[in-house]
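What follows is one structure encoded as structure tokens, with my remarks underneath.
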Amino acid sequence: MNTPKSPVRKRNAADSRQALLVAAQELFAERGYERSTIREIGDRAGLDPTLIARYFGNKAALYLAALRSDFEAEDGAVPDLLEPERMLELLDRVQRKGPSPVLDTALRQHPEPALDAEAREVLTERIVDPLVRRIDAEPIGPRSTADARLQAEIIAAAFIGVAVGRHVGAFPALAAASNEQVSELLALALGALAPSSAD
């Protein structure tokens, strides 16, 4: 009798873990790490919050799991944010849900040093490094590796500033513009710092 229940238990455990991860990502994006409680994450997921300890260990470990899964691609490759589809996806996501824990790292320092260091590492891996690879592969003119990284960080900072400013409604015309309009203008504005995907 116990044999048929085993696969169900494993499937439910995986589903529960994923539901907690999604709920945590949403709450961390909406309220930040400090103001999101274990109980609220469990409630959002429709699960007992004590399951967070079972599947992740603690809130900090859940936050790190949320960071790591935030920009994962199925094939493990993360496209840079100047790819038109990627830019549209990120603009839409920030507009609907607010800045993710990874993007939030560019806006404020995390109070826990270990989490802050991990968040900055993920920001670099998922946002900055793909841009550095683009610039190094298709340089517009002579530049050093340091220049490429600086240019990539300026592009990332500009994009995050635009996306978050739009989300919070700080700029009315920007907030009212469509993803396509914002993406087109951002591509034009940032074109001097990186080759376009059409080149």
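For the stretch 39-50, the set of residues classified as surrounded by fewer than 18 Cβ atoms within 10 Å (Cβ to Cβ) and not in a loop (DSSP other than H, G, I, E, B) consists of 39, 40, 43, listed by residue number.
For every residue, the table says whether it meets (1) at pLDDT below 90; (2) within 14 Å of the chain's Cα centre (by Cα); (3) exposed (fewer than 13 other Cβ atoms within 10 Å of the Cβ); (4) aromatic (Phe, Trp, Tyr).
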site: 58; (1), (2), (3), (4): yes, no, yes, no
site: 61; (1), (2), (3), (4): yes, no, no, no
site: 77; (1), (2), (3), (4): yes, no, yes, no
site: 81; (1), (2), (3), (4): yes, yes, no, no
site: 88; (1), (2), (3), (4): no, yes, no, no
site: 102; (1), (2), (3), (4): yes, yes, no, no
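I'd like to check something: does the stretch 178-199 contain any residue that is touching a Leu at 6+ places or on another chain (Cβ under 9 Å), surrounded by fewer than 19 Cβ atoms within 10 Å (Cβ to Cβ), of a type outside the set (S, T, N, Q) and at pLDDT 85 or above? For the stretch 178-199, residues touching a Leu at 6+ places or on another chain (Cβ under 9 Å), surrounded by fewer than 19 Cβ atoms within 10 Å (Cβ to Cβ), of a type outside the set (S, T, N, Q) and at pLDDT 85 or above: present. Residue 92 meets the conditions (1) modelled with pLDDT of 85 or more; (2) crowded, with 19+ Cβ neighbours inside 10 Å; (3) under 18 Å from residue 166 (Cβ atoms) in every case but one. The failed one is (2). Looking at 173, 148, just one residue is over 19 Å from residue 66 (Cα atoms), of a type in the set (A, V, I, L, M) and at pLDDT 90 or above, and that residue is 173.
In the stretch 51-71 there is no residue that is in a helix (DSSP H, G or I), free of Cβ contacts under 8 Å to residues at least 24 places away in the same chain and in the same structural domain as residue 149 (by TED's automatic domain parsing).
Tallying residues that are modelled with pLDDT of 90 or more and outside any helix (DSSP H, G or I) within the stretch 4-35 yields 0.
When you scan the stretch 105-115, do you find a residue that is at pLDDT below 90 and within 16 Å of residue 69 (Cα to Cα), even just one?
Yes: the stretch 105-115 contains one or more residues that are at pLDDT below 90 and within 16 Å of residue 69 (Cα to Cα).
Of all residue pairs spaced 6 or more apart or on separate chains, those with beta-carbon atoms under 7 Å, a first member in the stretch 169-181 that is closer than 17 Å to residue 97 by Cβ and a second member that is modelled with pLDDT under 95 and of a type in the set (A, V, I, L, M, F, W, C) are 169/175; 179/88; 179/91.
The values are calculated or read from the model by the stated rules, or taken from the named source; none is laboratory data. Just so it is clear, the structure is predicted and the values come from calculations on it, not from any experiment. Counting neighbours? That spans all protein chains shown, and the Cβs are built from the backbone with ideal geometry, glycine included.
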